[in-house]
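In what follows, a single structure is set out as structure tokens and then discussed.
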Amino acid sequence: MKRTKSLIIAGLVLGSFVIAANGRAANIGRTEYLTLNSATALPGVVLPPGTYTFEVVEGHADLVRVTNRLTKRVLYTGFTDVVKRQNRDGSLMFGEASRGEPLPIKAWFPDGSRRGNEFRHR
């Protein structure tokens, strides 16, 4: 009986490590470096041409942070709507803009992911 109880406890502990590892694994591949050749917009910020780090904040599938890859400066942090990929190529989906205005980034789909993050432009 004592041995059986020890095996059950060991199994529960091991199971909790597997669950924790799978939770972290869900965010693997949710960081991507993207180079933008022209000015684009996220809610409240215009991103000039350059390379940026797009990442989902760990533990929050709907929270995205965008930083300048060179300076590490955070340019955008905001809640998004998690959406399914609609058979489109590329990591970014753009909205429409008036002439002379930067194209708004409508959604970001991390490379290889079936889901993405749609930005809440107002």
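We did not get these values from a lab; they are worked out from the coordinates using the rules stated. Just so you know, these numbers come straight off a predicted model, no measurement behind them. Positions of Cβ are backbone-derived with ideal geometry, glycine not excepted, and every protein chain shown enters the neighbour counts.
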The lone exception for residue 51 - which of (1) under 18 Å from residue 121 (Cα atoms); (2) exposed (fewer than 14 other Cβ atoms within 10 Å of the Cβ) it fails: (1)
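Go through segment 71-97 and give me each residue that's within 17 Å of residue 36 (Cα to Cα), touching a Pro at 6+ places or on another chain (Cβ under 9 Å) and touching a residue at least 12 places away in the same chain (Cβ under 8 Å).
Residues satisfying the conditions are 76, 91, 94, 95, 97.
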Qualifying residues in segment 78-89 (those that are of a type outside the set (Phe, Trp, Tyr) and under 10 Å from residue 118 (Cα atoms)) - the one surrounded by the most Cβ atoms within 10 Å (Cβ to Cβ): 80
Out of 63, 75, sole residue that is surrounded by 11 or more Cβ atoms within 10 Å (Cβ to Cβ), more than 15 Å from residue 116 (Cβ to Cβ) and in contact with a strand residue (DSSP E or B) (Cβ under 8 Å, 6 or more places away or on another chain): 75
Strands (runs of 3 or more DSSP E) contained in segment 41-113 and holding at least 2 residues polar (S, T, N, Q) and under 13 Å from the mean Cα position of the chain (by Cα): 74-84
Residue within segment 98-105 that is free of Cβ contacts under 8 Å to residues at least 40 places away in the same chain and surrounded by 12 or more Cβ atoms within 10 Å (Cβ to Cβ) present: no
